[in-house]
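Every number here is computed from the coordinates shown, using simple stated rules; none is lab data. Since we're looking at a predicted model, the values are computed, not measured. Cβ coordinates were reconstructed from backbone atoms using ideal geometry, including for glycine residues, and neighbour counts include every protein chain displayed.
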Amino acid sequence: MVLLDGKALSLKILNNVKEKVSKLDRIPHLVVILVGDDSASKIYVNNKKKAAEKVGIKSTVIELPSDTNENDLLDKIQELNNNDDVTGILVQLPLPEQIDKNKIITAISPKKDVDGFSPENVGRLATGLEPYFYPATPQGIIMLLDEYGIKIEGKDAVILGRSNIVGKPMAQMLLKRNATVTICHSYTKEIEDKIKTADILISAVGKKIVRCKMGYKNSVVIDVGIHRDSNGKLTGDVDFDYVSPSCGFISPVPGGVGPMTIASLMFNASKVYN
Ligand code: GUN
């Protein structure tokens, strides 16, 4: 069994991004908007800011109160869309309930949408047009698979979870690379049987869901989940000790997909379109 070292690859990618940024005529400027005081979101936003600083990307965090209304946030996004100094805009999710996240995501200029969540970027990915940005987590997973020489073409990929952030764009990106893709979700029957058919399993559910032996000894297991167990220890969707002896490659939590997501986001934030 080979451990997919996302930490090591993320450092390599961040170094490449840093070198690229140092040669740009214009310094990219990422603006991250955080609405409210969700504690996990604060940590994520802080990590993004620190990573941007490390690679020489200018970053600004705009913190707005939890009672911010939708129109005020839309106005702020419009202002950032029109500001030529700003090259990337990211609105941290989740948003407070009075704000419709789809309206907000739709308002971000596709050429500044470093998350790749806007309908234009999602539609571009789905139709086979090149999106301006690929969503960071799936893009980071593809980078990790490529780094370890894992072939995607012709493989059976099983994705657990159908979120707009991971599951759905992951499916599109794997399809683009000629995998056969199955997406499982809370209504899927006999998930374990589906898991066992996977050459590549990607779990993005947010709870301990994978506790079975893989069907093939060379199968690849990617764990996107990250949460704390009852002892406060960081853990993923996959029961690592139980599953790892049955597969060929596996990404750990922490040190797998998490650092790759940040590196992949910085790769996006270094792209300047306007
Ligand atoms: N919340 C959890 N993951 C993400 C992400 O990738 N982007 C944004 N904007 N918010 C998130």
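Residues in segment 64-86 that are part of a strand (DSSP E or B) and either more than 16 Å from the ligand (Cβ to nearest atom) or under 22 Å from the mean Cα position of the chain (by Cα) (or both): 0 in all. Quick one: is S163 assigned to a loop (DSSP other than H, G, I, E, B), closer than 28 Å to R124 by Cβ and not charged (D, E, K, R)? Taking the combined requirement at face value, the residue satisfies it.
If you go through segment 87-125 and pick out every residue that is among the polar types (S, T, N, Q), farther than 20 Å from M266 by Cβ and within 15 Å of the ligand (Cβ to nearest atom), you end up with 2.
Each row is one residue, and each column tells you yes or no for (1) closer than 26 Å to F117 by Cβ; (2) within 16 Å of the ligand (Cβ to nearest atom); (3) in contact with a Lys or Arg (Cβ under 8 Å, 6 or more places away or on another chain).
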site: H227; (1), (2), (3): yes, yes, yes
site: D237; (1), (2), (3): yes, yes, yes
site: S251; (1), (2), (3): yes, no, no
site: V257; (1), (2), (3): yes, yes, no
site: M260; (1), (2), (3): yes, yes, no
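Scanning segment 219-244 for residues that are of a type outside the set (A, V, I, L, M, F, W, C) and surrounded by 12 or more Cβ atoms within 10 Å (Cβ to Cβ) yields S219, D223, G225, H227, T235, G236, D237, D239, Y242, S244. Just one of the listed residues (A136, A52) is closer than 22 Å to M173 by Cβ, touching a Leu at 6+ places or on another chain (Cβ under 6 Å) and crowded, with 20+ Cβ neighbours inside 10 Å, and it is A136. Would you confirm whether or not segment 97-104 contains a residue that is surrounded by fewer than 23 Cβ atoms within 10 Å (Cβ to Cβ), touching a Ser or Thr at 6+ places or on another chain (Cβ under 6 Å) and of a type in the set (S, T, N, Q)? No, there is no match, as no residue in segment 97-104 is surrounded by fewer than 23 Cβ atoms within 10 Å (Cβ to Cβ), touching a Ser or Thr at 6+ places or on another chain (Cβ under 6 Å) and of a type in the set (S, T, N, Q).
Considering segment 112-125, and only residues there that are part of a loop (DSSP other than H, G, I, E, B) and of a type in the set (G, A, S), the residue that is nearest to V272 (Cα to Cα) turns out to be G116. Given the structure, is N274 closer than 30 Å to N81 by Cβ, polar (S, T, N, Q) and not in a helix (DSSP H, G or I)? For N274, the condition - closer than 30 Å to N81 by Cβ, polar (S, T, N, Q) and not in a helix (DSSP H, G or I) - is met.
The selection criterion, being among the polar types (S, T, N, Q), touching a Phe, Trp or Tyr at 6+ places or on another chain (Cβ under 8 Å) and surrounded by 14 or more Cβ atoms within 10 Å (Cβ to Cβ), does not hold for T68. From the list D239, D199, D223, D156, the one residue that fits, being closer than 21 Å to A40 by Cβ, touching a strand residue (DSSP E or B) at 6+ places or on another chain (Cβ under 7 Å) and not aliphatic (A, V, I, L, M), is D223. Applying a threshold of 9 Å to beta carbon distances and a minimum spacing of six or more residues, or different chains, the list of pairs starting in segment 109-126 at a residue that is within 10 Å of Q172 (Cα to Cα) and in contact (Cβ under 8 Å) with a residue 40 or more places away in the chain and ending at one that is small (G, A, S) and assigned to a loop (DSSP other than H, G, I, E, B) reads V122/G116; L125/G116.
Select from segment 126-149 the residues that are assigned to a loop (DSSP other than H, G, I, E, B), hydrophobic (A, V, I, L, M, F, W, C) and away from the ligand (no atom under 13 Å from the Cβ) and list them in ascending order. Result: L129, single match.
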